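J.: One structure, as structure tokens, below. Some questions next.
The values are calculated or read from the model by the stated rules, or taken from the named source; none is laboratory data. Here the structure is a predicted model, which is why all the values come from computation and not from measurement. Cβ sites come from the backbone with ideal geometry, for glycine too, and all protein chains shown count toward neighbours. Note: areas computed on protein heavy atoms with side chains; ligands, DNA, RNA excluded. Shrake-Rupley method; radii C 1.70, N 1.55, O 1.52, S 1.80 Å.
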Amino acid sequence: MADERMNDRPPVARRDFLLGAGTAVAAGLAPASAGSAEQSSAGPAPAAAAPEPDAFVTLTTPEAAFVVAAVDTIIPADELSPAGSDCGVAVFIDRQLGSAWGGGAKMYRSGPFLKGKPEQGYQLALTPREFFAAGIAAANEWTRKTYGRDFDLLPAAQRAEALKAMDEGTAQFANFSARAFFGQLLGITMAGFFSDPIYGGNRDKVSWKMLGFPGLPAIYADKIDAYRDKRYVAEPQSLADFS
């Protein structure tokens, strides 16, 4: 079963973690081809955004409802940013799962699939798309048993409580690891919030503006010495600004 083979992720604080890790994540994400099994554990390889940013291309209606509710719970609207879906995070996740990466391109999938050590990364036969489909179905089944309704229909406080239970591994998914699912959900949510807007998330460069991240780091190489240990303020630049 998947919960016997998927490595657990340690509990993490959601909004605080997003803010604390933002600069590192924003700097680390860059366009790349679909990765191997080892690369997939670190996050998806970005895929270009479709022209219609709000039209889901692979998520079913129940899956899209779950993802929107989840990213809005992980990234709530506040004085720092709009809610996650308003920042394009749900669209980013949909695009990634509908990409070659989501289909398991270049992933080793011939088995055997055994429970691995944390440093061995993703060890399942499921593609990322299949993993999220199974995880969302298991999550909704658990919230129906626990709260009487699907995750996206829960009040905000219960959604946060449900995600915390998944994060801590106390949620009991049928034949699936709730903790592993939350770890992957959090990872792809972070990627969508901090990645280049060309991939559908970080709409209007909202997370970069929040962090003071100027965007494409290579174009600022000549300013490193002049601004060492000083704050550099500039309008963020994305890949789309140079295309």
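J.: Using label points projected 7 Å from each Cα along Cα→Cβ, tell me how many nm separate Asp78 and Glu168, to one decimal.
T.: 2.0
J.: Solvent-accessible area per residue for the range 132-243 at a 1.4 Å probe radius, Å²?
T.: 48
J.: List the lysines whose alpha-carbon lies under 21 Å from that of Lys145, not counting same-chain residues fewer than 8 positions away?
T.: The reachable lysines, counting only those whose Cα sits under 21 Å from Lys145, are Lys164.
J.: Which lysines, on any chain, are close to Lys205 with Cα under 23 Å apart, when same-chain ones fewer than 8 places away are left out?
T.: Lys223, Lys230
J.: Take peptides 122-131, 55-64, 220-229, 106-115 and line them up by average Cβ neighbours within 10 Å, highest first, as a rough protection proxy. Mind showing how you got there, number by number?
T.: Numbers: 122-131: 19.8, 55-64: 15.8, 220-229: 9.1, 106-115: 11.8.
By packing density, highest mean first, the sequence is 122-131, 55-64, 106-115, 220-229.
J.: With +1 on the Cβ of every Lys and Arg and -1 on the Cβ of every Asp and Glu, and nothing else charged, how large is the dipole of the range 104-186 about its Cα centre, in debye rounded to the nearest 20?
T.: Here the size comes out at about 200 debye.
J.: How much of the accessible area of the range 86-160, in percent, comes from carbon and sulfur atoms when a 1.4 Å probe is used? Mind dumping the intermediate values first?
T.: Values: 1870 of 3490 Å².
Here it works out to 54 percent.
J.: Could you let me know the centre-to-centre spacing of the range 106-123 and the range 149-182, using Cα atoms, in angstrom?
T.: 24
J.: How much net charge surrounds Ser99 when only the other residues with a Cβ under 13 Å from the Cβ of Ser99 are counted, with Lys and Arg +1 and Asp and Glu -1? If you can, show how the numbers build up before the last one.
T.: Working: positive: Arg95, Lys106, Arg129; negative: Asp94.
With Lys, Arg at +1 and Asp, Glu at -1, the neighbours total +2.
J.: How would the range 77-187 be classified by its alpha-carbon gyration tensor: rounded, prolate or oblate, with rounded meaning a/c under 1.5 and the a/b versus b/c comparison settling the rest?
T.: Values: a/c = 2.00, a/b = 1.33, b/c = 1.50.
Oblate shape, in that a/c is at least 1.5 and b/c is the bigger or equal ratio.
J.: Largest first and in whole Å, what are the equivalent-ellipsoid semi-axes of the range 144-198 based on the Cα gyration tensor, each being the root of 5 times an eigenvalue? Please list the in-between numbers first.
T.: Working: eigenvalues 106, 43, 16 Å².
Equivalent-ellipsoid dimensions as semi-axes: 23, 15, 9 Å.
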